[in-house]
Amino acid sequence: MTQTANGLAFTRQPNTNPKSDAERAAILANPGFGDYFTDHTAVVDFTIDANGQGGWGNARIEPYGPIAMDPAAAVLHYGQEIFEGLKAYRHADGSVWSFRPEANAARFNTSARRLALPELPEEVFIESLRQLVAADQAWVPSGDGEALYLRPFMIATEAFLGVRPAREVSYRVIASPAGNYFGGELKPVSIWLSTSYARAGEGGTGEAKCGGNYAASLAAQMEAEAQGCKQVLFLDPFNDNAIEELGGMNIFFVFRDGRLVTPALNGHILHGITRSSVMQLAADRGLKVEERKITIDEWRTGVASGEITEAFACGTAAVITPIGELKTAEGTIASPGSGAGEVTMAIREQLLGIQTGAVEDLHGWLTRLV
Ligand SMILES: *Cc1c(COP(=O)(O)O)cnc(C)c1O
């Protein structure tokens, strides 16, 4: 039992039937992304009565397994759900670290407010990661580019079909060993430009990390796959087709003159923690970072003139991924360069180096978990 600053103690109910060492080793030899899960899960329950009395309790580590839920649970009907995504990295001395987890904790609460879910004290969020990774330490891979992906989420479990914020909620964390998100070598990915669908809009939930945004992106994702693309780019059709982001990643453009441009946060772009880290590392290298409106026309003309030399997408899961060609209903915008760009790769190496302990963490971004 561990006390957290918030007075919640996590109890531990060990999994009596964990994966064998051999089974785990076979999984870790080729983890893929999001296909396998560890032996435990962290859970904290929230209950309030009609007068608002109550709160978080029953913090625990328990065996990983199905969730028993009433078929009337609000999450199943109205999608009252949020999530986070971050990684635990194994350093050379065996210790395990996470990257800016306090930023994930803060963003989780921003999402919670938007989805009318209860806020979770940030120290409980961090402690839940520590507890789960401690229980499942053996699952943290140590290979190049590998990590244990942590997925905190919160769901409305109250059985009630009326439409109001649920009074029973469950916070959980699951963990999944992760290799390279797009598999294999780092080739530029081609992207499909969605003009029939938007993922977010003014006043909507675009800034919240919620399942509903992802559900809304899937029809566009299917269009992309039919075009042989792995990812979708969404625009703001009410603002000169300003570029927003991909379904789950932010986007950057490198200009020949040393500028790094990314769409400004406009209320419906997700505040990526990788995005903010990339901006800091780019500024440290002397690049001029611009957060501003950038349109699809500027992409087209910038690539044609050679002014835009690189484009990349970024997020926790895939880190930094070079973007190749952009396919659109009206033709293709060519890849800005022939392969992964120099600036893209330099920032990627630096970021991965900090996360894995190979490069000095000058900004104090790492938090030790175990
Ligand atoms: C999670 C997410 C990102 C990336 O955020 P990171 O904090 O960098 O992982 C970008 N866009 C969307 C829509 C997301 O859900």
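Coordinate-derived values only; no laboratory data. Computed from a predicted structure; not experimentally measured. Reconstructed Cβ throughout: ideal geometry from the backbone, glycine too, with neighbour counts over all protein chains shown.
Quick notes
- For region 304-370: rounded, prolate or oblate by the Cα gyration tensor [a/c cutoff 1.5]: prolate
- Amide hydrogen neighbours beyond the local backbone of Arg167, cut-off 5 Å, H modeled: Glu158
- Residue of Arg199, Arg12, Arg285 that the Gaussian network model of the chain assigns the largest fluctuation, springs spanning Cα pairs under 10 Å: Arg285
- The fewest-to-most ranking of Thr11, Thr262 by surrounding Cβ atoms within 10 Å reads Thr11, Thr262.
- Counting only alpha carbon atoms, the long axis of helix 342-356 and the longest principal axis of the chain meet at about 20°.
- Here region 3-57 and region 211-265 have alpha carbon centers that stand 33 Å from each other.
- GNM top mover of Gly179, Gly79, Gly228 - the chain, alpha-carbon springs below 10 Å: Gly228
- What you get for region 2-178, charging only the Cβ of Lys and Arg (+1) and of Asp and Glu (-1), is a dipole of about 240 debye around the Cα centre.
- The charge dipole of the chain, taken about the Cα centre with unit charges on the Cβ atoms of Lys, Arg (+1) and Asp, Glu (-1), comes to about 220 debye, rounded to the nearest 20.
- Cα-based helix-to-principal-axis angle, 101-114 vs the chain, degrees rounded to 10: 90
- Computed from Cα positions, the angle between helix 211-226 and the longest principal axis of the chain comes to roughly 40 degrees.
- Three-way shape label, region 129-250, alpha-carbon gyration tensor, a/c 1.5: oblate
- Interchain or long-range residues, amide H under 5 Å from Gln231's placed H: Trp192
- Looking at the chain, the DSSP beta bridges with both ends there are about 80 percent antiparallel.
- Rounded is the label for region 178-308. Its Cα gyration tensor axes, ordered a ≥ b ≥ c, give a/c under 1.5.
- Of all the options Ala200, Ala216, Ala72, the one that moves most in a Gaussian network model of the chain with Cα springs shorter than 10 angstrom is Ala72.
- Proximity of backbone amide H atoms, modeled 1.01 Å from N, is registered between His40 and Tyr64 at under 5 Å, excluding neighbours fewer than 5 places apart on the same chain.
- Each residue in Ser128, Ser190, Ser338 was given a count of other beta-carbon atoms within 10 angstrom of its own, and listing them fewest first yields Ser338, Ser190, Ser128.
- Highest-first arrangement of 90-96, 100-106, where packing means the average Cβ count within 10 Å: 100-106, 90-96
- Estimated D of the chain in µm² per second, where Rh is the Kirkwood radius over Cα pairs and Stokes-Einstein applies at 37 °C, 0.692 mPa s: 152
- When its C-alpha radius of gyration is set against 2.2 N^0.38 Å (N residues), region 2-178 gives a value of 1.06.
- Across region 49-59, coupling constants 3J(HN,Hα) worked out from phi with the 6.51/-1.76/1.60 Karplus curve, θ = phi - 60°, read 8, 4, 8, x, 8, x, x, 7, x, 6, 6 Hz, and Gly and Pro carry x.
- Alpha-carbon centroid distance for the pair region 283-302 / region 133-187, whole angstrom: 32
- Check: region 189-356 dipole with +1 on Lys, Arg Cβ and -1 on Asp, Glu Cβ, in debye: 320
- Residues Ser20, Ser335 arranged by fewest to most Cβ contacts within 10 Å: Ser20, Ser335
- Dividing the summed -39500 (n - 2.57) terms of all DSSP H runs of n ≥ 4 by the residue count of the chain sets its mean residue ellipticity at 222 nm at -8000 deg cm²/dmol.
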